[in-house]
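Beneath this line is the structure, given in structure tokens, with notes to follow.
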Amino acid sequence: MTRRGKAFFFILSAILLIMLLTAGISEAITLSVAPNPATAGQTVTATVMASYVTGPPPCGVRIRFSAADPFTNIGSCSTPCNVPHIYTNPGLHAVTVERISSTGFCTPASLPYPVSTNVTVNCPAFSITTTSLLPAATYGTPYSRQIQISGGLAPITYSIIGGSLPPGLGLNSSTGVISGTPTSSGNYSFTVRAEDSCIAGFGGGQTVDRVFSLQVNCPALSYTSPNNLPNATVSQPYSYQMQTSGGVLPVAWSKLVYPAASRGG
């Protein structure tokens, strides 16, 4: 073999060796996360792309959505991988993607490696939307009214932190429904607290308070007996039960005597 032929063979062999050694080596990993900032309870999507020199890569990549999370294998991502995740706690979370350790020709990607980006997660806005003046209740009549909220992170818990509900009514701590049968009339004022599950730091969830007013009315009392009572007979016993509707038992009865109308002379 001539010197020129040997040189050509050497160069060709070197090229083939380089191609063999670099086949499947990840050149770069890119990472983006949207939306950012995000809200607790909202789905965020990490888009990962790993580029390779030639052929189907023998290695893959893995991802974690915070330092406290384990890594999850997501494949080679030679075409974009869209990985969804839901954060339940607010804060600054580091999303990290790295090559999966393996044997063979799979070597680290070009710098930066691993690839990381921060995601800011905020608590969702949280408020009580039910107006302070609740619909009136009626003594002895079943009552039900739900305290409505907007936003927050479920589950929501409810409690009375001030004042008191009318006797006979109670607040469901899971649903926010005030229900029962009032056993006393009057105007009652009380404060409801709603607490969500968006926990920041070492405290509890977000809390919102509202003072409510609830009037319990007496049921209307009316006569149902006719104006013209059955006739009585002189010297004969007489009895008639006056009838009423509504009101609150017991009903007390009394006789009112009106002065006779004056007659003109």
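Taking the stretch 83-131 on its own, how many of its residues are modelled with pLDDT under 90 and among the aliphatic types (A, V, I, L, M)?
Adding up the residues that qualify gives 3.
If a residue has to be assigned to a loop (DSSP other than H, G, I, E, B), crowded, with 18+ Cβ neighbours inside 10 Å and not hydrophobic (A, V, I, L, M, F, W, C) to count, how many in the stretch 143-166 make the cut?
Within the stretch 143-166, residues that are assigned to a loop (DSSP other than H, G, I, E, B), crowded, with 18+ Cβ neighbours inside 10 Å and not hydrophobic (A, V, I, L, M, F, W, C) number 2.
From Ala68, Ala50, grab the single residue that is in the same structural domain as His93 (by TED's automatic domain parsing), at pLDDT 55 or above, surrounded by 11 or more Cβ atoms within 10 Å (Cβ to Cβ) and within 22 Å of Tyr113 (Cα to Cα).
Ala50
Identify the residue in the stretch 201-251 that is more than 30 Å from Gly176 (Cβ to Cβ) and part of a strand (DSSP E or B) and, among all such residues, is nearest to the chain's Cα centre (by Cα).
Looking at the filtered set, the residue picked out is Gly246.
The values are calculated or read from the model by the stated rules, or taken from the named source; none is laboratory data. Not measured: the values here are computed from a predicted model. Ideal geometry is used to build each Cβ from the backbone, glycine not excepted, and the neighbour counts take in all protein chains shown.
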